[in-house]
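The values are calculated or read from the model by the stated rules, or taken from the named source; none is laboratory data. Predicted model, so just to flag it, every value in this text is computed and none were measured. FYI the Cβ positions are ideal-geometry reconstructions off the backbone, even for glycines, and counts take in every protein chain you see.
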C-alpha cells in the first residue's frame with residue numbers, strides 16, 4: 001500500500017509497509033445498533049428514518065444467518081433459499097456470532113439468544129435491559145458490548161456476568177484476535193484487554209491530536225491478527241475512514257487514493273456499514289447497494305453496485321458472499337464478482353519483497369529478446385496448468401502474473417483460480433514494471 005503514516009505515541013515517521021492483510025479464516029461481522037450507527041455522516045439516526053431490514057450476518061455450517069429488525073432471523077442457503085427461524089423475541093437484532101455449532105444473537109433491551117442445537121434458540125438472562133450492540137469470542141469465552149460502557153461475559157454462552165468499564169459512552173462494537181479483545185465507542189474511545197477482565201482505555205482523537213483529523217468510529221472488526229476500525233472524519237463525513245492496528249497501541253490510516261481507477265471523490269458520499277475479509281482483501285457493505293473492495297494497493301480499490309438498497313451487513317463463506325440490508329434485501333453472490341485482480345507495479349514490488357511470487361508467462365524467445373523482471377520465475381502460459389503447482393505448491397501464496405501486454409497474464413490468473421489459488425493478480429505487461437529488468 002506504498003507509504004503510510006505510522007505513529008508511536010506522538011512521534012510521526014514514514015515507513016513502507018509490507019502486506020497489510022493475511023489469508024484468514026471466517027470471522028463474524030460486527031454491526032451497530034440503529035441508535036448509534038452513523039449514516040451519511042450523521043451521528044444519530046432515528047429508526048423512523050431507516051428502512052426495516054437485516055442488520056447483521058454470519059456464515060454458519062453451509063448457510064448464512066441474517067438478523068434484523070423486529071426479531072427476524074433468517075437462514076439463507078448458498079442457492080439463496082430463505083427460511084425464517086422461530087426465535088423467542090421481537091426485539092431488533094444487532095449482531096450474530098457463530099463458532100462450530102454454537103450461535104449467539106444479540107439485540108436491543110438486553111436481548112441475547114443462544115443455540116447449540118440446530119438453531120433452536122433460547123433467551124439468556126443477562127441482568128441488564130441495555131441495548132446490546134456486538135459479540136465476539138476470546139480465549140474460550142463469549143463477550144457482548146452494550147450501552148453506557150457495559151461488557152457482558154460468559155464462559156458457556158448461557159450464563160452472563162456484567163462488567164462496567166470506565167465510560168458513560170455506549171460500547172458500539174467489539175472484536176478480538178488471538179492476543180486481545182477490543183471495544184470502541186462512537187466518540188473514538190478504544191478499550192483493550194488481554195484477559196477479558198482488566199481493560200486499558202485510550203481515546204484516538206486525543207492521542208493523535210495534531211496528527212490525524214478528529215473522527216467518529218462506527219465499527220470494529222478483527223480480521224486475522226489485525227483490527228480494523230471504520231468511521232468518518234468530522235470534516236469529511238461523506239468519506240469512509242479506515243484505520244488498522246495489531247496491538248491497539250499504534251494505528252495507521254488506510255488510504256483510498258483511487259476507486260475504480262478514478263479519484264475517490266467521484267464515488268463520494270460513501271458510507272461503510274460492515275466489513276469482512278476475503279483472503280487478502282477487505283469487502284465493505286456500503287450505502288446505495290455498493291460493495292467496496294479495499295486492497296493492499298492504495299489505488300486498486302473497486303466499487304461494485306449490486307442493488308439500490310443500502311447494504312448493512314456482509315458475510316463470507318465457502319467462496320460466497322451474503323450481502324443484505326434495508327427492506328430485508330439479501331443476495332448471495334460469488335466472491336469473484338467483488339475481488340480486485342489488478343495490481344500496480346509499486347504494490348507488486350512491495351508484495352514481492354514480502355514473499356509474493358512474480359511469474360512471467362511469455363515464451364522463452366520473448367525473455368531473450370526483451371528481458372524479464374529480476375527475480376521472477378518463468379512458466380509459459382501453455383504450461384501453467386501443470387507447471388504452476390510444481391513451482392508454487394502452496395495455494396495460499398500470492399501470485400503476480402505478467403506477459404507482454406496483460407492478456408496472457410489474465411488467462412494464467414484464471415487458470416490459477418481454477419487450480420485453487422486465491423491471492424492472484426495481473427500486473428499487466430513488462431513495460432508496466434519500472435524497476436529492475438534482467439536482459
Among strands (runs of 3 or more DSSP E) completely within segment 177-226, the ones holding 1 or more residues that are buried (at least 20 other Cβ atoms within 10 Å of the Cβ) are 181-185, 189-193, 215-223
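Going by the conditions given, is residue 156 at positive phi and either crowded, with 22+ Cβ neighbours inside 10 Å or in the same structural domain as residue 221 (by TED's automatic domain parsing) (or both)?
no
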Of the residues in segment 162-176, those that are within 19 Å of the chain's Cα centre (by Cα) and in a loop (DSSP other than H, G, I, E, B) come to none
* To do: Answer yes if at least one residue in segment 406-415 is farther than 22 Å from residue 294 by Cα, surrounded by fewer than 16 Cβ atoms within 10 Å (Cβ to Cβ) and in contact with a strand residue (DSSP E or B) (Cβ under 7 Å, 6 or more places away or on another chain), and no otherwise.
  => no
- Determine whether segment 98-114 contains at least one residue that is under 24 Å from the mean Cα position of the chain (by Cα), surrounded by fewer than 16 Cβ atoms within 10 Å (Cβ to Cβ) and closer than 17 Å to residue 328 by Cα. no
>> Criterion first (touching a strand residue (DSSP E or B) at 6+ places or on another chain (Cβ under 6 Å), in the same structural domain as residue 247 (by TED's automatic domain parsing) and at pLDDT 95 or above) does residue 134 satisfy it?
In response: yes
Does any residue of segment 294-311 turn out to be part of a strand (DSSP E or B), within 22 Å of residue 181 (Cβ to Cβ) and out of contact with any helix residue (DSSP H, G or I) (no Cβ under 6 Å at 6 or more places or on another chain)?
-> no
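Per-residue answers, yes or no, for (1) surrounded by 17 or more Cβ atoms within 10 Å (Cβ to Cβ); (2) modelled with pLDDT of 95 or more; (3) within 16 Å of residue 421 (Cα to Cα):
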position: 367; (1), (2), (3): yes, yes, no
position: 375; (1), (2), (3): no, yes, no
position: 384; (1), (2), (3): yes, yes, yes
position: 391; (1), (2), (3): no, yes, yes
Residues of segment 113-161 being within 15 Å of residue 196 (Cβ to Cβ) and assigned to a loop (DSSP other than H, G, I, E, B), in sequence order, are 139, 140, 155, 156, 157, 160
Residue pairs within 7 Å by beta carbon, gap of at least six or interchain, first lying in segment 61-76 and farther than 14 Å from residue 322 by Cβ, second modelled with pLDDT of 95 or more and assigned to a strand (DSSP E or B), listed first then second, are 69/53; 69/55; 71/93; 72/84
The one condition residue 328 fails out of (1) under 32 Å from the mean Cα position of the chain (by Cα); (2) not assigned by TED's automatic domain parsing to the domain that holds residue 302 is (2)
Result of the Cβ filter at 6 Å on segment 250-269, keeping first residues that are under 21 Å from residue 213 (Cα atoms) and partners that are in a helix (DSSP H, G or I), at least 6 apart or interchain, is 256/264
Scanning segment 311-361 for residues that are crowded, with 22+ Cβ neighbours inside 10 Å and free of Cβ contacts under 8 Å to residues at least 40 places away in the same chain, the one nearest to residue 408 (Cα to Cα) turns out to be 323
